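Reading through the structure tokens given below for one structure.
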Amino acid sequence: MRLILGKIKEFGADFLLLLVALAWGSTFFIVQDAVDNTPVYQFLFWRFLLASFLMVLISYKKILQIDMQTIKAGSILGLFMFLGFAFQTFGLTLTLSSTVAFLTGLNVIIVPFLLYIIFKKKASIYSILGAVVAAVGLYFLTYGGSLGFGVGEIYAFICAVMFALHIVFTDRYSKRYDVMLLVCVQLFVVALFSFLASTVFDGGVIPKRLDTTFVEAIIVTVLFATVFAFGVQTAMQRYTTPAKTAIIFTMEPVSAGVFGYLFAGEILTVSQLFGAFLILFGMVSAELGTYFRDKKRKEHIC
């Protein structure tokens, strides 16, 4: 019975993490329109500042319970998150966006290695195989050309490592500290670093154009892509594995392509559809693989 309840929690967590990936993907073209007229760090500052204020309002009863260990853990998560965005932005200025998208998505195969190197935890063979299949799918979905090896590619790869570290350490800290407080701290830390980056690179945090595109993008990303997404991720990673989380998050570019096709008039090629299929296959194989593995273990014990 305990095993069954555990699998129900795990499947439920994986489903909610899938909703997170869909939320990120669904806002991709909205954010893209906004940052056409607003510098990236300015946008990130307002997105994460307002999101952190909203999280404080939601969890105001717990704020007085915060301690230095929670602040430290949340700050580490926030630092990884910001560095991921920062290196991704630098990469985009030096190489093709398709290259950055592919290399960023490689965090799916970086997570199992970091998990073992840092915490000596082995991912299941099903998760590793699912990650490899998903990585191949990412190649077809986001790129499909030949990769170079320049500064832009290095930045994009570092970005992937940062996002992988965020997933790995979220798994560790979400089981030790209050989820709501962790989210509050990490969102505020991203806002703080975005303020510093915007001051240095963008000349300040006040947008030159405050149009409806910017306002709508901020509202949507604050509510769905930030407060909902990072809140759910932090809460649900307690019930699943970091390797499966990374595989599930490869659905972000898939959903971005689908929403872009449905609402922004974008075209999906045969290669991209094949890549999306491989990502789905990798996610499902990792999910079913762990299910049948646990089922066999239960039968063996009985």
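Would you confirm, using the coordinates I've provided, whether Ala123 is of a type outside the set (Asp, Glu), over 23 Å from Lys72 (Cβ atoms), under 21 Å from the mean Cα position of the chain (by Cα) and not in a helix (DSSP H, G or I)? Criteria met by Ala123. The residue list Gln65, Gln42 contains one member that is under 23 Å from Gly231 (Cα atoms) and either within 18 Å of the chain's Cα centre (by Cα) or in a helix (DSSP H, G or I) (or both), which is Gln42.
When segment 185-194 is filtered for residues that are buried (at least 19 other Cβ atoms within 10 Å of the Cβ) and closer than 11 Å to Phe48 by Cβ, the ones remaining, listed by number, are Gln186, Leu187, Phe188, Val189, Val190, Ala191, Phe193, Ser194.
Of the residues Leu64, Leu94, Leu79, the single one that is at pLDDT below 90 and under 30 Å from Val132 (Cα atoms) is Leu94. Of everything in segment 72-96, what is polar (S, T, N, Q) and out of contact with any Ser or Thr (no Cβ under 9 Å at 6 or more places or on another chain)? Give them in sequence order. Scanning segment 72-96 gives Ser75, Thr89, Thr93, Thr95. Do you know which of the residues in segment 67-96 that are farther than 21 Å from Ser198 by Cα and touching a Gly at 6+ places or on another chain (Cβ under 9 Å) is surrounded by the most Cβ atoms within 10 Å (Cβ to Cβ)? Residue satisfying both the conditions and the ranking: Thr95. Can you report the number of residues in segment 193-222 which are in a helix (DSSP H, G or I) and in contact (Cβ under 8 Å) with a residue 60 or more places away in the chain? Summing the residues that are in a helix (DSSP H, G or I) and in contact (Cβ under 8 Å) with a residue 60 or more places away in the chain in segment 193-222 gives 15.
Out of the residues in segment 153-177 that are surrounded by 20 or more Cβ atoms within 10 Å (Cβ to Cβ) and more than 15 Å from the chain's Cα centre (by Cα), state the one that is nearest to Thr240 (Cα to Cα). Residue satisfying both the conditions and the ranking: Ser174.
Of Ile76, Ile110, all but one fail to be in a helix (DSSP H, G or I) and either among the hydroxyl-bearing types (Ser, Thr, Tyr) or more than 25 Å from Phe274 (Cα to Cα) (or both); the exception is Ile76. Per the conditions (1) under 14 Å from Leu187 (Cβ atoms); (2) touching a residue at least 40 places away in the same chain (Cβ under 8 Å); (3) not basic (Lys, Arg), the sole criterion not satisfied by Phe28 is (1). Those residues that are out of contact with any helix residue (DSSP H, G or I) (no Cβ under 8 Å at 6 or more places or on another chain) and modelled with pLDDT under 80, I need them from segment 266-296; list them, please. Scanning segment 266-296 gives Phe292, Lys295, Lys296. Of all the residues that make up segment 235-294, how many are buried (at least 18 other Cβ atoms within 10 Å of the Cβ) and either of a type in the set (Lys, Arg) or not in a helix (DSSP H, G or I) (or both)? Counting residues in segment 235-294 that are buried (at least 18 other Cβ atoms within 10 Å of the Cβ) and either of a type in the set (Lys, Arg) or not in a helix (DSSP H, G or I) (or both) gives 6.
The values are calculated or read from the model by the stated rules, or taken from the named source; none is laboratory data. All of these numbers come straight from a predicted model, not from anything done at the bench. Please note: Cβ atoms are built from the backbone with ideal geometry, for glycine as well, and neighbour counts cover all protein chains shown.
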